Amino acid sequence: MQIILYKLQKIQVSDYKQPLKSYLCGPNIQIMSNRTFTMVKPDATSKGYTGGILDQILQAGFTIKAMKWTRLTPEQAGNFYAVHKERPFYGELVSFMSSGPIVAAILEKDNAVADFRKLIGATNPAQAEEGTIRKKYAASVGENAVHGSDSDENAAIEGNFFFSELERF
Ligand code: RTP
Ligand code: MG
């Protein structure tokens, strides 16, 4: 029994330390068009916007499949955003994303990735449409309140980065 539990833990619990692409393997290989992944970023959690943002997400018709309040180390934040490694803002992004707690969640809705990107608005809040989450809650392009996956594949990878199968309902 002990051995079985140990194996389950090894397989199911993410340590956030592997390269992001490696999370598209193991038990969680499904890529679905009705799932996306989000984070409420540290600027928004520290300003008390978590409740307002989650409420807007639910009002828009998304349901929650998994959710946690956590904090990334610089190493974990660097892994999560490794695709931007060569960009000039990478260091700032990693330091910001590890500066305080976040809320990570897997969301479900038809056409989830595109609909969620529409709901959050443009990366730069100055260019975001009225009523979008970033327009309402983001202060700048660097500190822009929420993350949304940009493809079904990345939604699966990012969800696997944060959540085991045992944490999804
Ligand atoms: P996200 O991945 O967080 O949902 O944001 P996004 O797709 O709208 O934008 P992306 O190009 O993926 O950039 C990731 C995050 O990097 C920060 N950023 N800073 N200072 C800058 O010019 C700059 N550009 C991007 C933002 O926090 C952005 O959300
Ligand atoms: Mg992005």
> Rounded to a whole number of µm²/s, how large is the Stokes-Einstein D of segment 88-136 at 20 °C and 1.002 mPa s, given Rh as the Kirkwood radius over C-alpha pairs?
Replying inline: 169
>> Could you list ASP115, ASP43, ASP55 so that the one with the fewest beta carbons within 10 Å of its beta carbon is first and the one with the most is last?
In response: ASP55, ASP115, ASP43
>> Quick check for me: using +1 on Lys/Arg Cβ and -1 on Asp/Glu Cβ, what's the dipole size of segment 50-124 about its Cα centre, in debye to the nearest 20?
In response: 40
> Excluding the sites themselves, what is the longest stretch of the chain that contains no trypsin sites (Lys or Arg not before Pro) in a DSSP loop with at most 16 other C-beta atoms within 10 Å?
Replying inline: 86-167
> Size of the dipole of segment 14-167 about the Cα centre, Lys and Arg at +1 and Asp and Glu at -1 on the beta carbon, nothing else charged, in debye to 20?
Replying inline: 220
> What is the calculated FRET efficiency for GLU86 to SER46, with r their C-beta to C-beta distance and R₀ = 30 Å, to the nearest 0.05?
Replying inline: 0.55
>> Under 10 °C and 1.306 mPa s, how fast does segment 114-169 diffuse according to Stokes-Einstein, given a Kirkwood radius computed over C-alpha pairs? Answer in µm²/s, whole number.
In response: 130
> Sorted from fewest to most neighbouring beta carbons within 10 Å, what does the list MET32, MET97, MET67 look like?
Replying inline: MET32, MET67, MET97
>> As an exercise, find the ratio Rg/Rh for the chain from alpha-carbon atoms, using the Kirkwood inverse-distance average for Rh.
In response: 0.97
>> Please rank GLU158, GLU92, fewest neighbouring Cβ atoms within 10 Å first, as an exposure proxy.
In response: GLU92, GLU158
>> Restricting the calculation to Cα positions, tell me the Rg (one decimal) and the Dmax (whole number) of segment 50-114 in Å.
In response: 14.0, 37
> By how many degrees, between 0 and 90 and to the nearest 10, does the Cα long axis of helix 50-59 differ from the longest principal axis of the chain?
Replying inline: 90
>> Under 17 Å from a point placed 7 Å out from the Cα of SER95 along the Cα-to-Cβ direction: which residues of segment 38-53 have their backbone N that close?
In response: 42-43
> To the nearest 500 deg cm²/dmol, what mean residue ellipticity at 222 nm is calculated for the chain from DSSP H runs of n ≥ 4 alone, each contributing -39,500 (n - 2.57), summed and divided by the residues?
Replying inline: -10500 deg cm²/dmol
> Which value, in debye to the nearest 20, gives the size of the charge dipole of segment 102-169 about its Cα centre, when Lys and Arg are +1 and Asp and Glu are -1 at the Cβ?
Replying inline: 340
>> For THR63, project a label point 7 Å along Cα to C-beta. Then give me every residue of segment 145-159 with its amide nitrogen under 16 Å of that point.
In response: none
> More than 16 Å apart: what percent of Cα pairs in segment 75-169 qualify?
Replying inline: 61
> Of VAL40, VAL113, VAL83, which has the largest mean-square fluctuation in a 10 Å C-alpha GNM of the chain?
Replying inline: VAL83
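Each value in this text was obtained by applying a stated rule to the coordinates, not by laboratory testing. Quick caveat: nothing in here was measured; it's all calculated off a predicted structure. A quick note on method: Cβ atoms are made from the backbone with ideal geometry, for glycine too, and the neighbour counts reach across all protein chains shown.
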